[in-house]
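What follows is a short report on a single structure.
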Amino acid sequence: MSILITGGAGFIGTHTCTELLNKGENLVVVDNFYNSTPQAIENVKKITGKDFKFYEADILDREKLIKIFEENDIESVIHFAGLKAVGESVQKPIEYYINNISGSLVLFDVMKQFGCKKIVFSSSATVYGKPEKCPITEDMPLSTTNPYGTTKLYIEQILRDIFVSDNEWSIAILRYFNPIGAHTSGLIGEVPSGIPNNIMPYISKVASKKLEKLSVFGNDYNTPDGTGVRDYIHVVDLASGHLNALDKIRREKSGVFTYNIGTGNGYSVLDLVKAFEKVNNVKVPYKICDRRPGDIATCYSDTTKAEKEIGFKATRSLEDMCRDTWNFEQNL
């Protein structure tokens, strides 16, 4: 029996594969390398000393997915595959809807065809839209401010509808906050194609002088220093959360279980910059720019439910996140 990991060569996918392999799980990994590289797969094998089956494929390719299910005994799926940049989604909504929603529908339909009814879905805190208050709990109203978030919200609803139609499904929906950091080996981390969309890779590129300055989008938010506040979580902590969620859906015969995966702490963009500079003894020049469309002022989690129901609690600090990111950058 194997776990299928879609998008397993990506930032969160590689770290989750590493944690699962270290726990002795059998994996089948699929990725189309749209925003990742074959080297990431090799580095996971190097870190863990373990091999696994890999398919270069797109989840929109139904025939390829069917072939993967025919060739392997898949007992559960962890679904990461998807386009993931908030800003880009505003510019390319059609691409995001086709890739994220249609791709997920193909995957779910093939799972149904093969009687595979256990899934951990990679959702996002963007489904909370502009939250009424912080910290954010799982029962707060859902809405979105950008197409990326809308795709995640729609997929969540699709999964709930699938469960209503067939109560044999066991589904864990994980709403990520802001994953940053890298594996302590320095072998895997966030490697975006072209200019980074996410803040931490951008900071590390500026610190290494590969980019000139960090653009800070807005310093007039209602926050302590005017810059956006987010719940940054170390990617290895986030990866560990998937193991907890997987245990839950294996244990429970059926249900839809939704959890925030964050630290419960909010840090501003400038907090992140200062921590990175201090921990790594480097400079990160920045400039203040206009707000980005779709961005919100403050977003951080209440993780009480995840701690109580699946035993998840993030343990790594903001300093760990900054140190591990810089270590990875220097290994590139």
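For this structure, a couple of remarks:
- Restricted to the stretch 1-76, the set of strands (runs of 3 or more DSSP E) holding at least 1 residues that are surrounded by fewer than 17 Cβ atoms within 10 Å (Cβ to Cβ) and of a type in the set (Lys, Arg) comprises 53-56.
- Apart from one condition, residue 205 fits all of (1) in contact with a helix residue (DSSP H, G or I) (Cβ under 8 Å, 6 or more places away or on another chain); (2) surrounded by fewer than 17 Cβ atoms within 10 Å (Cβ to Cβ); (3) of a type in the set (Lys, Arg); the exception is (2).
- Pairs linking a residue in the stretch 313-328 that is within 14 Å of residue 275 (Cα to Cα) to a residue that is among the basic types (Lys, Arg) and assigned to a helix (DSSP H, G or I), with Cβ atoms under 9 Å and 6 or more positions apart or on different chains, are 319/278; 322/278.
- Just one of the numbered conditions (1) touching a helix residue (DSSP H, G or I) at 6+ places or on another chain (Cβ under 8 Å); (2) more than 17 Å from residue 118 (Cα to Cα); (3) outside any loop (DSSP other than H, G, I, E, B); (4) not basic (Lys, Arg) is not true of residue 83: (3).
- Residues that are surrounded by 16 or more Cβ atoms within 10 Å (Cβ to Cβ), without any contact (Cβ under 8 Å) to a residue 60 or more places away in the chain and either under 25 Å from residue 267 (Cα atoms) or among the aromatic types (Phe, Trp, Tyr) (or both) occur in the stretch 100-111; there is at least one.
- The set of residues in the stretch 124-151 that are closer than 28 Å to residue 253 by Cβ, without any contact (Cβ under 8 Å) to a residue 60 or more places away in the chain and either assigned to a helix (DSSP H, G or I) or touching a helix residue (DSSP H, G or I) at 6+ places or on another chain (Cβ under 8 Å) (or both) comprises 124, 127, 142.
- Restricting the stretch 285-323 to residues that are in a helix (DSSP H, G or I) and touching a helix residue (DSSP H, G or I) at 6+ places or on another chain (Cβ under 8 Å), the residue that is nearest to residue 134 (Cα to Cα): 306
- If you filter the stretch 37-73 down to residues that are farther than 24 Å from residue 246 by Cα and of a type in the set (S, T, N, Q), you find that the one that is modelled with the highest pLDDT is 39.
- Selection from the stretch 252-298 of residues that are of a type in the set (Gly, Ala, Ser), closer than 27 Å to residue 90 by Cβ and at pLDDT 95 or above: 262, 266, 268
- Residues of the stretch 108-121 classified as part of a helix (DSSP H, G or I) and more than 15 Å from residue 154 (Cα to Cα), total: 5
- Tallying residues that are more than 20 Å from residue 244 (Cα to Cα), in contact (Cβ under 8 Å) with a residue 60 or more places away in the chain and part of a helix (DSSP H, G or I) within the stretch 153-175 yields 2.
The values are calculated or read from the model by the stated rules, or taken from the named source; none is laboratory data. Quick caveat, the model's predicted, so the values are computed rather than measured. Because the Cβ atoms are built from the backbone with ideal geometry, glycine has one as well, and the counts that use them run over all protein chains shown.
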